[in-house]
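Please read the structure below before turning to the comments.
Every number in this text was worked out from the coordinates using simple rules, so none of it is lab data. Since the structure is predicted, the reported quantities are computational estimates derived from the model, not experimental observations. Note that we place each Cβ from the backbone using ideal geometry, even for glycine, and neighbour counts take in every protein chain shown.
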Amino acid sequence: MGRCSDAKERLIATAAKLFFERGYTAVGVAEICDEAGLKKGSFYHFFETKNDLVLQAIDCYAQTYRDLIERALQPDRTAREQLVAVLHGVCGLMERRAECEGRMHGCPIGNLALELAHRDEAIRRKLDDVFASWRAAFETVLRRGLERGEFGPLDPVRTAETIVALVQGATLLAKTANDATVVARVVDSVVGLVPSPAVHSATPA
């Protein structure tokens with residue numbers, strides 16, 4: 001049982017790596033098995049199709065982001081500090097990946113959304129769930145900031161959606177430019193979009 005479990009995890013980890021580097025369509029089952037050091041029989045023992053494997057790879061990507069968000073949302077931080085920590089955490093992740101791999105591959109979730117969301121409903125739903133979880137995390141931070149009086153007036157639902165959209169757009173630009181610093185610059189602008197409480201001066205009588 002241990003060897004079977006290890007084989008499955010190796011297939012998922014290998015597929016996640018190759019899909020991220022080259023895209024889903026460009027990577028075949030045989031290549032995944034070769035890279036993982038396994039035979040095709042192992043693949044079909046765990047997965048009926050490559051689509052089943054990519055769904056597991058998406059879970060793998062999503063867990064990385066969940067861990068990042070959980071680390072950023074420390075209870076002793078202000079809401080703005082939590083927001084900054086999440087965004088800078090995403091930046092740092094992309095910069096480390098670019099440095100390690102020698103180029104900017106973008107966001108694995110965004111890449112698969114562009115490539116596959118219109119082609120397979122199960123994959124589309126899975127990707128949509130990941131984006132929804134990101135929006136929910138930002139919405140939670142924004143609502144917390146509003147309740148504590150740390151932020152000025154804003155719509156937490158729309159603002160959370162805007163933040164995710166801006167970061168994903170920045171990632172696409174960074175991938176095209178092969179320059180991870182694009183994301184860092186946009187993230188700094190995103191933080192500036194969240195208003196601070198208005199300071200009301202006394203009106204002279």
**OP:** Straight distance only, please: which lysines reach the Cα of residue 40 with their own Cα at less than 19 Å, same-chain residues fewer than 8 apart left out?
**Re:** 8, 17, 50
Original post:
For region 132-186 and region 60-81, what is the separation of their C-alpha centers, rounded to whole Å?
Top reply: 13
Original post:
Quick one: helix 156-177 against the long Cα principal axis of the chain, what's the angle to the nearest 10°, folded into 0 to 90?
Top reply: 50
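Run the numbers for residue 76 and residue 191: contour at 0.36 nm per residue of separation, minus the present Cα-Cα distance, in nm.
Details: separation 115, 0.36 × 115 = 41.40 nm, distance 1.93 nm.
Net length gain for the segment: 39.5 nm.
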Original post:
What net charge is computed for the residues neighbouring residue 195, neighbours being all others with C-beta under 13 Å from the C-beta of residue 195, Lys and Arg scored +1, Asp and Glu -1?
Top reply: -1
Original post:
Helix 79-101: angle to the longest alpha-carbon principal axis of the chain, degrees 0 to 90, nearest 10?
Top reply: 30
Original post:
Under the classification rounded if a/c is under 1.5, otherwise prolate if a/b is larger than b/c and oblate if not, where does region 67-183 fall, given a ≥ b ≥ c as square roots of the Cα gyration tensor eigenvalues?
Top reply: oblate
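Please compute the contact order of the chain in relative form: average sequence separation of alpha-carbon pairs under 8 Å and at least six residues apart, divided by the residue count, as a percent. Please list the in-between numbers first.
Numbers: 192 pairs, mean separation 40.3, N = 205.
Taking the mean separation of contacting Cα pairs over the length of the chain, I get 20 percent.
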Original post:
How many nm is it between the label spots at residue 178 and residue 147, if each spot is 7 Å from the Cα in line with the beta carbon?
Top reply: 4.7
